[in-house]
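K.L.:
Okay, here's the structure, questions in a sec.
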Amino acid sequence: MALTLRLLQSHDADALVALLPDLGYQASADQVVRRLAGLREWPDQEAFVAEIDGVVVGLCHVQGVRMLISEGYAEIQALVVSEARQGEGLGRK
């Protein structure tokens with residue numbers, strides 16, 4: 001089982017539609033594509049997917065927070081592993 005992390009792409013929309021309910025959300029493929037395009041317009045945002053054998057099994061959305069008082073930091077806005085793969089430690093990798 002080789003885990004691969006890569007940037008989320010618009011062609012992953014259908015995989016995200018199937019994954020988002022495991023995080024408690026629903027969206028259409030069109031909504032995912034539109035939201036990803038909007039997210040990419042902001043310099044401090046990025047989303048990644050985790051794949052096993054070419055199948056998307058996880059999502060991580062990271063947002064940078066700029067601050068006047070420090071160099072800032074990053075926050076995880078969404079982290080989900082498909083219900084079928086939960087308990088395997090994938091979210092820690």
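The values are calculated or read from the model by the stated rules, or taken from the named source; none is laboratory data. This structure is a prediction, so every number in the text was calculated from the model and none was measured. Positions of Cβ are backbone-derived with ideal geometry, glycine not excepted, and every protein chain shown enters the neighbour counts. Keep in mind that these areas ignore ligands, DNA and RNA; they rest on the heavy atoms of the full protein, side chains included. Shrake-Rupley method; radii C 1.70, N 1.55, O 1.52, S 1.80 Å.
K.L.:
Please report, as a whole percent, how much of the solvent-accessible surface of the chain comes from carbon and sulfur atoms (probe radius 1.4 Å).
P.N.:
Values: 3270 of 6170 Å².
It is 53 percent, rounded to a whole number.
K.L.:
Another question, if that's okay. At 1.4 Å probe size, with every protein chain present, just tell me what the per residue accessible area of the chain comes to in Å². Write down the numbers at each step before the final one.
P.N.:
Values: 6170 Å² over 93 residues.
For the chain, the solvent-accessible area averages 66 Å² per residue.
K.L.:
With +1 on the Cβ of every Lys and Arg and -1 on the Cβ of every Asp and Glu, and nothing else charged, how large is the dipole of the chain about its Cα centre, in debye rounded to the nearest 20? Show your work: numbers first, answer last.
P.N.:
On the way: 8 positive and 13 negative charges, 25 e Å.
Around 120 debye, computed over the chain.
K.L.:
With unit charges on the beta carbon (Lys/Arg positive, Asp/Glu negative), name the residue among 36, 54, 24 whose Cα is farthest towards the positive pole of the charge dipole of the chain.
P.N.:
36
K.L.:
Pairs of alpha-carbon atoms within less than 8 angstrom and 6+ residues apart define the contacts here; what relative contact order does the chain have, in percent?
P.N.:
On the way: 134 pairs, mean separation 24.6, N = 93.
Rounded, it is 26 percent for the chain.
K.L.:
Summing Lys, Arg as +1 and Asp, Glu as -1, what charge do residues with Cβ under 12 Å from the Cβ of residue 74 carry, residue 74 excluded? Walk me through the numbers before you get to the answer.
P.N.:
Working: positive: 66; negative: 44, 46, 71, 75.
My count for the surroundings of residue 74 gives -3.
K.L.:
Could you work out the Rg to Rh ratio of segment 22-93, with Rh taken as the Kirkwood radius (inverse of the mean 1/r over all Cα pairs)? Don't skip to the answer; put the middle values down first.
P.N.:
On the way: Rg = 14.1 Å, Rh = 13.8 Å.
When Rh is taken as the Kirkwood radius, the ratio is 1.02.
K.L.:
Same structure again: Give me a comma-separated list of calculated 3J(HN,Hα) values for segment 9-26, in order, Karplus coefficients 6.51, -1.76, 1.60 applied at θ = phi - 60°, integers in Hz, x for any Gly or Pro.
P.N.:
Coupling constants for segment 9-26: 10, 4, 6, 8, 4, 5, 5, 5, 4, 6, 7, 4, x, 5, 9, x, 10, 9 Hz.
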